[in-house]
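Values quoted throughout were computed directly from the atomic coordinates according to the rules given, and no laboratory measurement underlies them. Here the structure is a predicted model, which is why all the values come from computation and not from measurement. Here the Cβ positions follow ideal geometry from the backbone for every residue, glycine too, while neighbour counts run over all protein chains shown.
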Amino acid sequence: MRHHPLTHFFFDAFLSATRGRLGYHVWMGCLTFFMLLGAYAYQIQLQEGLVVTGMSDHVSWGMYISNFTFLVGMAAAAVMLVLPTYILDDIDFGKAVLIGEGVAVAALAMCLAFVTVDLGGPHRVWHMIPKIGFFNWPRSLLTWDVLVLNGYLALNLLIPFYLLYRRYTGRQPEKHKYVPFVILSVFWAVGIHLVTAFLYAGLPARPFWHNALLGPRFLASAFAAGPAFIILVLKIINHFTDYSIRTVIFHKLAMITTVAAQINLVMLGSEIFVEFYHPTEHTESAMYLFFGLDGHTALVPWIRTAIVLNIIATLTLSIHRLRHHPIVLPIMGATLFIAVWIEKGMGLVVPGFVPGPLGDIVDYHPSWIEIAVTSGIWAMGFFILSSLIKVAIDIESGRLSAAKRQSGGVTS
Amino acid sequence: MTESSPLRRWVQGLLNPEARRHLAAEPDADDTGFAEGAAAVLDKPLDRRQALRALAGAAGAGAALVNAACSPLSGRNEEAQLRWEEFFKKNYRLMTDSERSATVDRLERLAAGEQKEKVHIQTSKPAAGVLFGYAFNISKCKGYQDCVTACIEENNLDRKSNMQYIRIFEIENGQSSLASANGSYYHKVPADGQYYLGTQCFHCENPPCVSVCPVGATWKEEDGIVVVDYDWCIGCRYCQAACPYFGRRFNWSAPEIPAEEINREQHYLGNRPRKKGVMEKCTFCIQRTRQGKQPACVEACPTGARIFGNLLDPNSEIRYVLANKKVFRLKEELGTEPKFWYFSD
Amino acid sequence: MTTLLRLGRPLAVVCLWSALLFHACSGGKPPHHPKVSETIAAHQGIPQPPDSRHLTADVKREVVAFVNQPGHGDFFVETRSDKLAHAPCSGCHEGAVPNNAQPQAHWDITLEHAPPQVMNCATCHDPAHHGDGLIFLSGTKTTFDRSYQVCRQCHFEQARDWAGGAHGKRLETWTGERIVRSCTGCHNPHQPKFHKRLPRHAATPTASDLPREANHPDTKESHHD
């Protein structure tokens, strides 16, 4: 019985993703456990309402939206690999770029999941479908975000799919077919992160967010944390698989990370100067974040940790010898990743709500439900990422191809 | 689709008599079959109304089917049918008059089933030449909070979470920043050396909450009242982040009101009981003010600190205040143009 | 690919510049937010408020007789005499009551309105002809329903605002017949100041309110006395 090669492709991809060494299965099993835990917690949240979270009328967005914001940046950062590879024909990046796009897809899936679990009425999301529902576009920035995120997800699924499928069937990808989409995705990546920043920056009600630097800072921190994360992933791949990544790729990624982290630090300094040189009532959120307000210091240890980590990582990476060091680089990458996660997650979202518009100071502490759901979604993201990378590597290394299938290389 | 397709006949064959009766009773029952719904989705340029009706009809029929199998009670059956149709209804703003009366009818029937007592849900529209405005006299307010209680009772606010639309702040004389105010005092009032300032939704002429809503579930009516369609809200809470006045409240859990305390005179956009996971807010007591009555807070105020009226009527009290008093609004620099002014004697 | 790039860049530059040029020449307007005052100015039509006559039909009222009232049509004041427990005075008092008499039946009344040099019972009540109603400073008589005219002798500013609508309470409706409460409908004329009492409602404290109370125990004490 002869099927279309596309069917074979998906079938083989599925097989590749579900088979592997013991370590792979243990890893995927752990992720599944966390996903199930998250699902259980989410079921409780659906049943009881969002009252089981730590959020309140005063701090009405918490951990979910914090992670969403951070992950949009991760998704956007894939462009840092896409741009040189596809447009400037920089072959060094060729191998890394599929991984980068895998990160983007996983990050976007997590973004959409975080937004969904944050909704009070997820079963009414169909109200957003144009024509059937009411899509408040172009007035609401949230509708822009829905558009750009889904569009970006589609782009990042399509391009790697096309490349891998050509490779699978043993043909060269045709440039005129995918390069236009690549160019589009480059602009789109900047777009998704700027639009997400505008979600916040467009609210004069929250002076902490209402500043023009927010968008550029989002980009800078994303282009620091994103490639840093990709460095980590590539290191792991390099270590655990036979798919070897050349050192020069790490050097280039480290360079991107470093420059972005430096710019991010400059912007942080600029922000701190404006807030504290002459403190106004609008400084209170920053005061709460960095020093605590009226004895409320929930975020202070976090943000100070983030800043220290940020500075250490940026300084270390700025020294050539250390940046090129095979051990120091991933450690500093992880440091930077954590620093940005704190700074752009909870460190950005929560202080926007404290003090409230009428001066109320209410601390926010995530509940175990939120933590469980959040880790479940992260596990889902890693699950998606792992399977995508597994398939991509199998195809790229030539283990998985239509030719092999015919010669009986892959059997079911 | 003039001839009934096999698929449609098959679906109809599956229906229980009650569901079939219901479909037959629909004015344009021709549109309500599942087959038509599918056809509309697949090969016609989608007429939203028809498709939704079709889907709702089909879904309702399905629910009726399941329910008929599970429970012999026809009451349950009817409830499931009503709930399905409620789920698939439109944004209130886009409904025709007949659709509005249909949903009100369903809601009243559902409420009667739940609470064993009749409620009345108005759909009264804004009157021409009316724009509501509010003035608050900070030298008259003594902080008694009679308004808060009246608001809770009138608007069926959640008793469990102690939700309140109105907040009264105690501020030291000589201060004006709300940051130094006490929003939850409980001692004998008026306290010496303090003055009192109340906040609620200010029904901005340029409301930031309305612009940000991704599904258009909140909007400003012609008479200036900013309302929420509780059945359309998806609970993203973007409006809550956008409001500079803390005017919006979220139902973090299912609201609870003792049955005997429910105010049964309701408005679709006003005080009808909300559900878990949706936004709500002050509506200037739309169920009262659209009838010519004063809002509950104004009526309850023992000191006459609250003034409500028509901004377009030059003889109204609110216009007198604007013309003769030194007024201010909160955070005027944000350009939200609240229709809520503060003044002092 | 390279040809695409070589052509694409000048093309993009041309597009960008023409877009800029077009924008610069089109004389764009600054973004404008509607103001309430503009909305009011734009709607000078005749209000068609809901019919509210049935809401005020049962309120006993009297037309307010006011000289120099600022630009208003007739409005009404809720009557008072039908709500007074002891009225009419002639029910008990037949003749004159001495000015220095003990209050006796009116034991519960203490006058906390103005210093005794300024005001005593006889400022508003006529001891000589203790009839039904009040007197002006001139000694002219008036009824309990027109107490606002008596109060106005001193509190002319409040009376002006009351007539205009910035002071006092309108009853039932915001539209239609304007019926307001009389001065004595809200203020006890003998103790016109509002009294201290506990609020009707206790708000859920937010964290920001708690430490401040704890930090200033003395202010809290003083509130409780």
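DSSP H helices in chain A with Cα extent of 30 Å or more along the helix axis and mean Kyte-Doolittle hydropathy at least 0.5?
A:22-48, A:94-118, A:141-168, A:175-201, A:214-240, A:247-277, A:368-396
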Report the local net charge at A:L329: Lys and Arg +1, Asp and Glu -1, summed over other residues whose C-beta lies under 13 Å from its C-beta.
-> +4
Pull up all non-local amide H partners of B:S139: gap of 5 or more, or a different chain, and H-to-H distance under 5 Å with H placed in the peptide plane.
-> B:D345
Relative contact order of chain A, defined on C-alpha pairs under 8 angstrom at six or more residues apart (%) = 31
To the nearest 500 deg cm²/dmol, what mean residue ellipticity at 222 nm is calculated for the protein assembly as shown from DSSP H runs of n ≥ 4 alone, each contributing -39,500 (n - 2.57), summed and divided by the residues?
-> -15500 deg cm²/dmol
Cα gyration tensor, the protein assembly as shown - rounded (a/c under 1.5), prolate or oblate | prolate
Would you tell me the mean number of C-beta atoms belonging to other protein chains that fall within 10 Å of each C-beta in B:298-308, as a whole number?
-> 4
GNM result for chain A, Cα springs below 10 Å: residue of A:E101, A:E343, A:E48 fluctuating most strongly = A:E48
Cut-off 9 Å between beta-carbons: net charge of the residues surrounding B:T218, Lys and Arg +1, Asp and Glu -1 = +2
From phi via Karplus (6.51, -1.76, 1.60), per-residue ³J(HN,Hα) for the range C:174-185 in Hz, x at Gly/Pro = 9, 9, x, 4, 9, 10, 10, 6, 6, 3, 6, x
On average, how many beta carbons from a partner chain sit within 10 Å of the beta carbon of a residue in B:142-150?
-> 4
Neighbour cut-off at most 11 other Cβ (10 Å), DSSP loop, GluC sites (Glu not before Pro), the range B:234-269 | B:E256
For B:G198, enumerate residues with amide H under 5 Å from its amide H, sequence gap 5+ or separate chain, H modeled in the peptide plane.
-> B:F169
Take the Cα radius of gyration of chain A and divide it by 2.2 N^0.38 Å, with N its residue count; two decimals is plenty.
-> 1.02
Read phi for every residue in the range A:279-287 and hand back ³J(HN,Hα) as whole Hz from Karplus 6.51 cos²θ - 1.76 cosθ + 1.60, θ = phi - 60°, with x for Gly and Pro.
-> x, 10, 5, 6, 7, 4, 4, 5, 4
Listed residue pairs exceeding 32 Å between alpha carbons, taken from A:K131/B:K276; B:K275/C:K196; B:K140/B:K331; B:K325/C:K29; B:K188/C:K83 = B:K275/C:K196; B:K325/C:K29
Would you please classify the overall shape of the range B:132-343 from the alpha carbon gyration tensor, given that a ≥ b ≥ c denote the square roots of the eigenvalues, rounded means a/c under 1.5, and beyond that prolate means a/b larger than b/c while oblate covers the rest?
-> rounded
Using Cα centres only, tell me the gap between the range A:20-98 and the range A:334-363 in whole Å.
-> 19
Using θ = phi - 60° and the Karplus curve 6.51 cos²θ - 1.76 cosθ + 1.60, what whole-Hz ³J(HN,Hα) does each residue of the range C:81-95 get, with Gly and Pro shown as x?
-> 4, 6, 10, 8, 5, 9, 7, x, 4, 5, x, 10, 8, 8, x
